[in-house]
1. Give me, ordered by chain and number, the residues 5 or more places off M69 or on other chains with an amide H under 5 Å from its own placed amide H.
2. Restricting things to alpha carbons, find the Rg to Rh ratio for the stretch 30-125 using the Kirkwood radius for Rh.
3. How much length would be gained if the chain were fully extended between D29 and S127, taking 0.36 nm per residue of separation minus their Cα-Cα distance, in nm to one decimal?
4. Cα centroids of the stretch 13-52 and the stretch 63-86: how far apart, whole angstrom?
5. Pick from I26, I112, I37: which is most flexible by mean-square fluctuation in a GNM of the chain where alpha carbon atoms under 10 Å apart are linked?
6. Given the options E78, E24, E125, which has the most mean-square fluctuation in a GNM of the chain, springs set between C-alpha atoms less than 10 angstrom apart?
7. Within 11 Å, Cβ to Cβ, of R137, how many net charges do the neighbouring residues add up to if Lys/Arg are +1 and Asp/Glu are -1?
8. Restricting to the chain, what percent of DSSP beta bridges are antiparallel, rounded to 5?
Amino acid sequence: MTHDLVREITTMSRSERAAILFEEIITNDRPELADHIFAADFSWPQFDLHGPDGVRTWVRAFRTAFPDMEDHVVEQVEQGDLVVTRVRCEGTQTGAFRGLPPSGKRACFTAIGIDRFGDDDMIVERSAWLDIVDLMRQLGHTTLEVPAVDRP
């Protein structure tokens with residue numbers, strides 16, 4: 001399936017390409033696909049991450065915290081060079097995440113990703129948002145240590 005999917009990516013819409021991050025790279029632990037979705041000069045300013053390797057850094061940290069994470073695209077809006085994706089995320093927190101120590105509890109939360117595409121239909125910039133307070137409630141956390149920006 002790897003070679004078939006890589007071939008298919010070149011003919012996918014921008015929305016379909018953005019969904020690959022969630023439904024393949026994160027859910028199916030396919031970090032190698034980042035090279036086919038994210039531009040070499042990709043930037044994720046929130047976390048000071050760059051290029052496909054920056055995406056892999058984020059995914060590795062996310063999957064370390066939630067090794068059974070499943071992301072499912074719920075809704076997407078595509079306009080011009082932007083794709084906004086609403087994702088349902090569900091997983092068990094067994095590792096630290098964004099200042100939250102491991103809880104061993106399962107959570108289901110919504111995240112929003114905003115991706116900007118370049119002329120070559122590769123993602124060049126991303127921002128992501130989630131309701132950290134709702135996530136904390138589900139995981140049983142009552143305090144948050146705010147991590148430095150340089151950590152995914």
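1. Sorted by chain and number, the residues that satisfy this are T92.
2. Values: Rg = 14.1 Å, Rh = 14.3 Å.
Answer for the stretch 30-125: 0.99.
3. Values: separation 98, 0.36 × 98 = 35.28 nm, distance 2.05 nm.
Roughly 33.2 nm would be gained on extension.
4. 10
5. Ranking I26, I112, I37 by mean-square fluctuation puts I112 first.
6. E78
7. Details: positive: K105; negative: D131, D134.
So the surrounding residues net to -1.
8. Details: 30 of 32 bridges.
Counting DSSP beta bridges with both partners in the chain, the antiparallel share is about 95 percent.
Quick note: the coordinates plus some simple rules give every number you see, no bench work behind them. Remember, it's a predicted structure, so these values are computed and weren't measured experimentally. With ideal geometry, Cβ positions are generated from the backbone for all residues, glycine too; neighbour counts draw on all protein chains shown.
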